1. Test of understanding: among A:L191, A:L208, which residue is within 18 Å of A:Q86 (Cβ to Cβ), within 16 Å of ligand 2 (Cβ to nearest atom) and of a type in the set (A, V, I, L, M, F, W, C)?
2. Check C:S152 against each of (1) assigned to a helix (DSSP H, G or I); (2) polar (S, T, N, Q); (3) away from chain A (no Cβ under 14 Å) and name the one condition it does not meet.
3. Go through (1) free of Cβ contacts under 8 Å to residues at least 24 places away in the same chain; (2) more than 16 Å from ligand 1 (Cβ to nearest atom); (3) under 30 Å from A:K245 (Cβ atoms) and name the single condition A:I62 misses.
4. Could you please let me know if B:R340 is closer than 19 Å to B:N154 by Cβ, charged (D, E, K, R) and in contact (Cβ under 8 Å) with a residue 60 or more places away in the chain?
5. Restricting to the stretch C:188-222, count the residues that are more than 10 Å from chain A (Cβ to nearest Cβ) and closer than 14 Å to C:H45 by Cβ.
6. Surrounded by 19 or more Cβ atoms within 10 Å (Cβ to Cβ), modelled with pLDDT under 95, within 16 Å of ligand 1 (Cβ to nearest atom) and within 14 Å of chain C (Cβ to nearest Cβ): does that describe A:E210?
7. Got a sec? Which strands (runs of 3 or more DSSP E) wholly within the stretch A:1-62 have at least 3 residues that are more than 16 Å from ligand 2 (Cβ to nearest atom)?
8. If you check every pair at least six apart or on different chains, which have Cβ atoms under 7 Å apart with a residue in the stretch A:154-173 that is in the same structural domain as A:E135 (by TED's automatic domain parsing) first and a residue that is acidic (D, E) second?
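The values are calculated or read from the model by the stated rules, or taken from the named source; none is laboratory data. This one's a predicted model, so the numbers in the text were calculated from it and none came from an experiment. So basically every Cβ, Gly included, is an ideal-geometry build from the backbone, and we count neighbours across all protein chains shown.
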Amino acid sequence: MTILLQTKGLSKRFGGLTALNNIDLALESCVILGLIGPNGAGKTTLFNCLTGVYPIDGGDIIFGNRSIRGLKSHVTTSLGIARTFQNIRLFGNMTALENILVGQHCRMKAGVWGAIAMNRSTLKEEKKAFGKADELLNFVGLNDQGDTLAKNLPYGDQRRLEIARALAVKPRLLLLDEPTAGMNPRETAELTGFIEQIRTELELSILLIEHDMRVVMGISDRVTVLDYGVKIAEGSPEEVRKNPKVIEAYLGRLGTMMGKRAVTA
Amino acid sequence: MTKKTQIIVLLAFFCLVLGPFSVHADEWGTITIPAGKPIKIGMGTMLTGDYASLGIDIKHGAEMAVLDHGSILGHSLVLQAEDDGCSGPPSVAIAEKLCNDPSVVGLVGYMCSGGSKPASDIHDKYKVVMVSPSSTALELTARGIPIFFRTCWNDRIQAERAAAFAIKRGWTSVVVLHDKSDYGQSLAEDFGKNIEKRGGKVLASEGLTRGDKDFSPVLTKIKPLRPKLIYFGGMAAEGVLVARQMKRVGLRKTHFMSDDGCYTEKDFIQAGGKASNGCYVTYAKEPDPVWVKRFEAKYGPRQTFSPQAYDAATILMRAVEKAAKKQPDGSLIIGKKALRDAIAATAYDGITGRIAFDAHGDRTGSVVKIYKVVDENGKRFFKQLEF
Amino acid sequence: MSYLLNPQVIIDQIINGLTIGGIYALIALGYTLVYGILFMINFAHGEIFMFGSFGGFAALTYFVNSGFSDTHPGLSIVAAFLAAMVVSAILGALLERIAYRPLRNAPRLAPLISAIGASIFLQNVMMLIIKARMQVYPDIIQEEFLEFGWFSISYFQLFIISGSVLLMVGLYLFIQKTKTGKAMRAVAEDRDAASLMGIDVNRIILITFVIGSALAAAAGVMVGIYYTQIDHMMGFIPGIKAFTAAVLGGIGNVPGAMLGGYFLGLAEAFGVLFMPAEYKDVIAFGLLVLVLIFRPSGILGEVVSERA
Ligand SMILES: Nc1ncnc2c1ncn2[C@@H]1O[C@H](COP(=O)(O)OP(=O)(O)O)[C@@H](O)[C@H]1O
Ligand SMILES: [Mg+2]
């Protein structure tokens, strides 16, 4: 299998705080990598570094066969990295359909002049984009909600819409930041199945931050554990579960037994 | 020596040294132009802004006079023109600056009544004469300021003539507009009084804001009054828009009449286009055509007050010639009061006609004529009417 | 007073109000578009309007001198609009690049001061170019009137009213329907999220400035044709009034700016019926004060981005 994403000694500091310390990571195509760790471990920060939101202070990020260090967010996105957010960041005053169309922005060619001239190729492209957006709405099960303003959708639908919007980018790598946060067990189960389905049907790699251990352990091919910005463990879900360092990290922090009960990551 | 004798000797010394000069003593003080130095004629007129074409025309008139005059008693002449913005504050600033300049003998200006009024107080303080070519407001010569003169007319005459003309034409119901300036407002109000004195009726009176471009709302408000005439007291920039927008709001049978501020080829006739046709304005009688030819060959079409400015500068220079005393060392000493008296005593045939002043500084025997914009033989111009 | 409330006066004032209101609205859109995206007030927008007016003036003067306008008056005017829009669009883009982008992440006061500086600078540049003298738009087309018995409308007014409506409908469709328009809305709502959806935020901001400037330029040429007199200070009062219109409608809100423009135009037109004409400008600023006190979010409400 080819390696899609690789970080080499990636470091990120906020003033005196080292949020990420020398992180080495490798992710192959069509793989789901679970990313866990206690609150404040640096998981979201890692996403932000991968997507160009934060400049990194050391190391390198290789995507495909090139370094993407220092690239702006819209460039990393058009290279094929799409993401969702820990706190939903949909465009609330736009409809569900429009949100997905925005996601397709960098895959469309027509510019301002095309929009003003309304020439044939622009119209054709627009039509295609609408068809694609409808397809994605169906795919995430929001068939009838296309014209609803995003802010008026129920919470679970908003989460799914955010994933659909990310998929509209046609990514090779999808970053999901706590997609089941705030969902009830039934919704969580549905979403888990959906993530599996994305991986197999769309053939892309997924980096998944998730606090629900059953979800992570259930669908991840491999799991990486961060604590205080340091990678403390890596391996199959089974290996990681038994790793004493991991147990300590969680026990030390939360005093909660790992096992059947969900642990906040 | 005792103290007393010391003082006596000192006094005697001063009398001896200053004796020769006391011949020239002037109760307002003197201006000294050192040998070989030029005499400066000050000038305040609008050089930038909405009425700049009027102000630059004035400058050209004075400039031509200075060039024509050449020199005075071996001293060259310089015209120092400053931008008075057609308003009080810059005019006052120029007054302070030029009155304190020892080589300035007097000033031609200011352009607008609103500038001349506060500036004349400064000139009075320093007793530096000013001759305005264009400030026509009534009160300027009614304030007992001895150093103020003008080669234009007093608006009392302008308002009277305009009203008499309107009544004669049967335009007895009028609306009066003005630009809220010292000049426009007093002229328009005086016009209104004259109309009522002659049996006419002023239906409404409104102030406009200088610099505003949209007068349609107020003209629409006036429209149902069906006035026979709208009289505007103010400058061409606003006047021409009133004339244009009258047509626009449908006041097409109402006549438009304005003042000397609108007697300008460029800003009224050219800027107004077809809409300026049939508008009436008041102005002095046409200046000497030979002079106009000479002027236009040099500066292009004349606008309004260049003839009055030419005469104002000429009068000032002639008075300096009369009042100046040449010293053995070649310097000139000019008594301020003597200069003022020389201007007051002017009796001179200028290009705008006979010039003499009454006790207030107003020109005697000035006449105001009525002009109408006409389109004849493909050319649009101000045609003087027989009235 | 009662004579003022006859139907003729009311219709005439509606025409007056819609004409100037359309112009205010076109300028107001520039304020609102930029505020919607950057949360800053582009106080140099009035000068962009002024430069547009002069761009059109230069083009028309050229056509008059070359005789082109005698044979093709309509085409000359269309070309003047295009020239004006190009001039203002370039100016708006330069302003964004030079005066605002370097201050994007500075405290809010910094770009405001930069805007005021740019505004004064641009006024002075034009003052030097025209030597501070008022310029007069050439009369390429004579003003004719459409008569309806007891009221009439000038072709100029008809042209301005319909032209401004057309431009605004065009803008609305552009923002609602096109890909770039949607990107503009996305950037307005959440700049970082938009960037993470593959939108080049800097480019969209630049386009926003360009569009707002082009609309102001159209208004500038309309003012030139309608009022004929232009000078380097002409952007100041209309700029502040359009800003008032934008605040009236809810700054950042596109339909609000349009509504605010017409509201202000009509308020000025009807206001002079009830008070002396010299207070016309007071109406605009009085309204601004009242809105800021009682409904600071404007008639339609400010569009505030909902950030996570
Ligand atoms: N923009 C920022 N500025 C300063 N500190 C930050 C910033 N973003 C994250 N941090 C800090 O970095 C650490 C890691 O945060 P984060 O990546 O959000 O953790 P999590 O693993 O819970 O997603 C935390 O201590 C957080 O306070
Ligand atoms: Mg997090």
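1. Details: A:L191 fails: within 16 Å of ligand 2 (Cβ to nearest atom).
Answer to the check: A:L208.
2. For C:S152, the exception is condition (1).
3. Looking at each condition in turn, A:I62 falls short on (1).
4. Here the answer is no, as B:R340 does not meet what is asked.
5. So the answer is 11.
6. no
7. A:3-14, A:17-28
8. A:G156/A:E187
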